[in-house]
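I have placed the structure first, in the form of structure tokens, so that the comments after it can refer back to it.
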Ligand code: GLC
């Protein structure tokens, strides 16, 4: 909680969030639901409104499923509402709890997580037209008249995406609408309080976190806040950390659940999985979905078809996340004590299993384990010795030492061992400093990597950079030819031949990296710079129109291939907004 008074009530916050719901970048959905309602024709990673001013005359319904494209998850290609003369009633308002057609003559809302209800507000009559899924030519168009006692229609969607259709009265529809409204108002009542200029976007980001909740039936209906219901329907390991940090400011219980889920399936040797999803976990290259493998093959990656399975995980920031979530509810941290051994074992795993050349400094055995999938530092042979990994490991051992002391671990050698390993890893990390080039250089199978990527700046997180090194890093952040773009911080230096302003981890700005740099600047004794970068990061999200997956560093707009309503961008916007409001 910050010292800022909340001037907006839950209804006002819901309206502020609703202003961003365009059914293209932000679909209509409900916490725990797998159903997504888009404008007809929209939906999918690349969808952008052709003409955002054009009226929406029909909606499309899809389900959100692990590693399955929206086009393969279509329930209704189009639902239209026609007036008595047969003219379509366009969408005239979208709020978190309802979509309004024809100025309110008809509304659509959820009727529980797996059903929609469409109903008349006035007398009608109207006709609801349901067009079956794309590719199913045999599915007839169904026309349901709404009038009199038959004033609403319920659409219940089964797990196989088939719909059962039942006509009901106006009262039934009103009850569904009221239940949805109550649910969203309860959610918005917990919106973190921030500075007035950041409150509207914070409300939208809080909506994103609620909207991105899915249930995992195989795990007792655990609530996973997924990176995106459009594209990433599962609990990704480091996404869960960032999402938990943002959630902790309004719903600490849900924040803890994310960490508990992320840490629930370590391997026998302590490795945490890359992804927890409805059908299991993704922990080695053998678990990769076929489409993913195909993408790696197309990119010419040597790792597309490894001889033996390669472990897949995500960066060791678990203790960092645990500490942040603990800080949100001081004094109540027994839940965290229970997670500590799993985190400590995952840290040991890096040194025992992923120090692939046995020199005391672990490597990434697969680009996915870094979270920066297509960064140019992985263009050469694997494994990759990377300055970001070194920095995370230094940080995590230092944090594990503090946590061991905080929880009164009886054996003092536990904290000492973590501290000693942190110091030893820092020494190895400093060996990656390239004096001539003036940056931390990654190594591919032991050989220096040419690319200068943002991973070279993450050693700031250790707060232990020697002065001349720190000066070089700060200068790089300011230099227009390196990381000083109009909207920063790009993920590859501008003068690097591999820089591209639109390609995923090869140039665009990512909110998690900016947040880590904010933390790194603060840890390195640069509070003004930290604050300035935090301000520029929240300004970027506001300018770009929402918490997208990644941004073009020149225009500050969503990169074309980036997904929208992205979990960690929303969560970390909130984290930075809370910091800036203290
Ligand atoms: C992409 C990102 C990775 C992230 C995942 C889920 O693969 O590169 O860092 O964890 O998406 O958001």
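Read-outs throughout are calculated quantities, based only on the coordinates presented, and are distinct from any laboratory measurement. The shown structure was predicted, so the numbers you read here are calculated from the model rather than taken from an experiment. Counting neighbours? That spans all protein chains shown, and the Cβs are built from the backbone with ideal geometry, glycine included.
Summary table below
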item: For peptides 76-82, 163-169, 386-392, 123-129, sequence by mean Cβ density within 10 Å, most packed first; result: 386-392, 76-82, 123-129, 163-169
item: Shape category assigned to region 52-120 from the gyration tensor of Cα positions, a/c cut at 1.5; result: prolate
item: Taking 109, 301, 162, 451 and counting other C-beta atoms within 10 Å, the order from fewest to most; result: 162, 301, 451, 109
item: Residue 413-residue 68 pseudo-label distance in nm [points 7 Å out on the Cα-to-Cβ vector]; result: 5.3
item: Between 0 and 90°, nearest 10: helix 237-247 axis offset from the chain longest Cα axis; result: 70
item: Residues 155, 216, sorted so that the one with the fewest Cβ neighbours within 10 Å comes first; result: 216, 155
item: Translational D in µm²/s for the chain (Stokes-Einstein at 10 °C, 1.306 mPa s, Kirkwood Rh from C-alpha pairs); result: 64
item: Computed over region 226-581: relative contact order in percent, which uses C-alpha pairs under 8 Å that are six or more apart; result: 15
item: Principal-axis tilt of helix 412-430 within the chain, Cα atoms, nearest 10 degrees; result: 80
item: Cα gyration tensor shape of region 4-188, rounded if a/c is under 1.5, else prolate or oblate by comparing a/b with b/c; result: rounded
item: Where only C-alpha atoms are counted, convex hull volume of region 235-282 per residue in Å³; result: 63
item: Rounded if a/c under 1.5, otherwise prolate or oblate - region 142-189, Cα gyration tensor axes; result: oblate
item: Kirkwood Rh and Cα Rg combined as Rg over Rh, evaluated for region 284-442; result: 1.02
item: Whole-percent pair-distance distribution, where bins are 10 Å wide, for the alpha carbons of region 407-553; result: 11, 37, 32, 14, 5, 0
item: Mean residue ellipticity (222 nm) of the chain, computed from DSSP H runs ≥ 4 via -39,500 (n - 2.57), nearest 500; result: -11500 deg cm²/dmol
item: Efficiency of FRET from Cβ geometry, residue 304 and residue 142, R₀ 45 Å, rounded to 0.05; result: 0.50
item: Neighbour-count ranking [beta-carbon atoms within 10 angstrom, fewest first] of 473, 8, 326; result: 8, 326, 473
item: Gain in span if fully extended, residue 295 to residue 167, counting 0.36 nm per residue against the direct Cα distance; result: 41.6 nm
item: Nearest-ten-degree value, helix 334-353 long axis tilted from longest Cα axis of the chain; result: 60
